[in-house]
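S.K.: Shown below is the structure under consideration.
Here, each number is a calculation from the coordinates, and none is a lab measurement. Because the structure is a prediction, the values reported are computed rather than measured. Cβ atoms come from the backbone with ideal geometry, glycine included; neighbour counts cover every protein chain shown.
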Amino acid sequence: MLDSGIMRRRALLRSAALAVLALCTARVPAAHAEAPGLADRWKDAQAIRPALRKVLVVGITPDAHARRAFEDRFVTLLRARGVEAITSYSIVPDLGAERDAAAVRDAFLAQRVEGLITVRLTPLEHPPEEAWAAGWREAVARPERARDYVETGLRGFDAKSSKFGVEAAFWSMDDGRRIWAGRFKGQSIKYLRGHASEMVQSVIDEMVFQGLF
């Protein structure tokens, strides 16, 4: 018969082994957790690489917290790359309180910037995400001015939904054309809040890869 000391040591070893196993198995989902990467991307093949000195970041969303998080993160990363960037909430603090979409649009576009970055939330209750994805690909391939896009987004920014898709786009202010666009899969507002920094980093990395900065 084993003495009590040996039994205690074996019990401790078993406990330690179980603890290590638990830690190892707990790491697996974290390592393979779905990262908030871009689901789709598009670039104007004829676009000339812009020499940007000043850009405006506009988050078109009904959630003030999410808007600030996206805009702040964008501005921080752009400034780190030597680009002067401005948050739109510093110009229009509350999109929900302003119902004149044209006035908001003009306030943004009066900043004399070379580029405009927009981030827009699209409710995905109806139609489902598959239909939105197909429509998004068609929409970004069509000519569209930044003014029209911003105004359309402002008119629909207060839609209520349990799930939103996120669209990011980069516009040249020389001619108002869309140069680059990307989208993320639909997620809840809670998810978007928790992953705002990662999503913004994904967008910035893609823009750098495409030679926009």
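S.K.: In a shell of Cβ-Cβ distance under 11 Å around residue 152, excluding residue 152 itself, what net charge do Lys and Arg (+1) and Asp and Glu (-1) give?
M.R.: Residues close to residue 152 contribute a combined charge of +2.
S.K.: Compute the signed sum of charges (Lys and Arg +1, Asp and Glu -1) over the other residues within less than 14 Å, Cβ to Cβ, of residue 68.
M.R.: Here the charged neighbours net out to -1.
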